[in-house]
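The values are calculated or read from the model by the stated rules, or taken from the named source; none is laboratory data. Owing to the predicted nature of the structure, the values given are computational and were not obtained by experimental measurement. Methodologically, a virtual Cβ is constructed for each residue, glycine included, from the backbone with ideal geometry; neighbour enumeration extends over all protein chains shown. For accessibility, only protein heavy atoms count, side chains too; no ligands or nucleic acids. Shrake-Rupley method; radii C 1.70, N 1.55, O 1.52, S 1.80 Å.
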Amino acid sequence: AVYPALRVALVIDNSHVLGEKLNERELDFAIIADPDVGSHIARESLGTIEVAWVASRHMPLPERAVRPTDLVAFEIFTNPEPSNLLFLLRQWFASGGIEATRISTCNSLSVILGLTKAAAGVSLLPTRIVPRHPRSPFRVLRAQPPLGRPHLYGAYQLEKAGAVMTAIMEMTRKALAKSDWVAKG
């Protein structure tokens with residue numbers, strides 16, 4: 001309503017792919033985690049995303065913080081290469097001197113959540129998508145060592161900087177604040 005001439009065409013993909021599209025000037029703006037972008041791209045911090053290991057309440061897992069040795073025998077669901085979640089997952093297992101070999105990938109977090117609910121395995125997910133009501137079928141697991149927190153950015157072509165991009169960043173910040181998707185930092 002405020003910018004009637006603005007045309008929006010949404011592209012939904014993982015941050016690596018969106019970063020490549022920005023680098024190739026195929027996108028003007030993207031909301032991406034930990035972007036690997038060229039010097040022609042501006043990045044403005046939007047906060048961090050909490051991620052956690054998630055399991056069905058029916059899975060036999062310890063009540064204490066889980067370690068890599070606790071999860072290595074389970075099927076693990078995550079996003080395919082290249083993705084920040086897969087990178088964090090591998091980094092976490094490597095911290096325990098373990099290589100996770102039972103990894104199944106899917107490009108839909110909602111499908112991964114469904115597989116996790118069905119107790120088909122465990123998954124590494126943004127905590128914001130996991131239902132947290134008292135009768136939720138999910139357990140959000142504490143991790144030892146703690147998991148990293150991807151940093152979320154609004155990224156755009158430097159040549160597009162100006163009043164419109166400032167407004168887009170402001171609208172993005174307001175939408176994220178309402179959704180409670182990111183933590184400051």
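Some notes on this structure:
- When region 161-185 is limited to residues that are loosely packed, with under 13 Cβ neighbours inside 10 Å and basic (Lys, Arg), the one that is farthest from Val54 (Cα to Cα) turns out to be Lys174.
- Scan of region 104-114 for residues that are surrounded by fewer than 18 Cβ atoms within 10 Å (Cβ to Cβ) and in contact with a Phe, Trp or Tyr (Cβ under 8 Å, 6 or more places away or on another chain), ordered by number: Ser104, Thr105, Cys106
- Selection status of Pro146, free of Cβ contacts under 8 Å to residues at least 12 places away in the same chain, open to solvent by 70 Å² or more (accessible area, probe 1.4 Å) and within 19 Å of the chain's Cα centre (by Cα): yes
- Single condition Tyr3 does not satisfy, out of (1) of a type outside the set (D, E, K, R); (2) in a loop (DSSP other than H, G, I, E, B); (3) within 14 Å of the chain's Cα centre (by Cα); (4) surrounded by fewer than 18 Cβ atoms within 10 Å (Cβ to Cβ): (3)
- Answer residue from region 32-70, given it is among the small types (Gly, Ala, Ser) and assigned to a loop (DSSP other than H, G, I, E, B) and is farthest from Ser83 (Cα to Cα) among those: Ala65
Conditions tested, residue by residue: (1) farther than 27 Å from Ile112 by Cα; (2) open to solvent by 100 Å² or more (accessible area, probe 1.4 Å); (3) out of contact with any helix residue (DSSP H, G or I) (no Cβ under 7 Å at 6 or more places or on another chain).
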| residue | (1), (2), (3) |
| --- | --- |
| Leu10 | no, yes, yes |
| His16 | no, no, yes |
| Asp34 | no, no, no |
| Ser45 | yes, no, yes |
| Ile49 | no, no, yes |
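- Within region 50-67, one or more residues are within 17 Å of the chain's Cα centre (by Cα) and within 20 Å of Thr172 (Cα to Cα).
- Residue satisfying all of: in region 77-101; closer than 17 Å to Arg142 by Cβ and touching a Ser or Thr at 6+ places or on another chain (Cβ under 7 Å); surrounded by the fewest Cβ atoms within 10 Å (Cβ to Cβ) among these: Gly96
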